[in-house]
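For reference, the structure is listed below as structure tokens.
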Amino acid sequence: MTMLQRIQTIYLLLALISTGVLPFFIPLWTMTDGKEYVFMQNQLYAVLFGLSTTLSLVSIVSYKKRQNQFVMGRLNIILNLILLGLFVYRSLNLSGVIASVSEKGIGMFLPIVAIVLLVLANKSIKKDEDLVKSVDRLR
């Protein structure tokens, strides 16, 4: 089976787009002074988005090693949960202190989109793994 015929590759590709491409075009939130806050303004956000994108890419390329793909998907989910937690923390706690967040942008929800896609990909990888194991049992 080739790489592109598997549904998890599509899910992983969409997760890669949501963490590696969309953050360049979608601001995380808008400050009270009207300036848009993008992920590149915070080094930690940039590193976490970069790691998530890299994990998705490596996971797509290692399509023959389903177990590794599954583990990388789990790590990627944890990474996106951390990123989401940082966004929530920033919007709730730091809003009154430094620069208040007047309007939360769609960019804050990109980790949620990535998590959903990664969970779907992991489900498909698990299904493939179970299918291969059942075929091996029949031999």
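The values are calculated or read from the model by the stated rules, or taken from the named source; none is laboratory data. Predicted model, so just to flag it, every value in this text is computed and none were measured. With ligands, DNA and RNA removed, areas are computed over all heavy atoms of the protein, side chains included. Shrake-Rupley method; radii C 1.70, N 1.55, O 1.52, S 1.80 Å.
Overview of values
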{"item": "Alpha-carbon centroids, the stretch 119-139 and the stretch 1-53: separation in whole Å", "result": "29"}
{"item": "Accessible-area composition of the chain, carbon plus sulfur, in percent [1.4 Å probe]", "result": "67"}
{"item": "Probe 1.4 Å, protein heavy atoms only - accessible area per residue of the chain in square angstrom", "result": "60"}
{"item": "Percentage relative contact order, the stretch 44-83, counting C-alpha pairs under 8 Å, at least six apart", "result": "49"}
{"item": "Accessible-area order (highest first, 1.4 angstrom probe) of the listed residues T53, T9", "result": "T53, T9"}
{"item": "Between 0 and 90°, nearest 10: helix 43-61 axis offset from the chain longest Cα axis", "result": "20"}
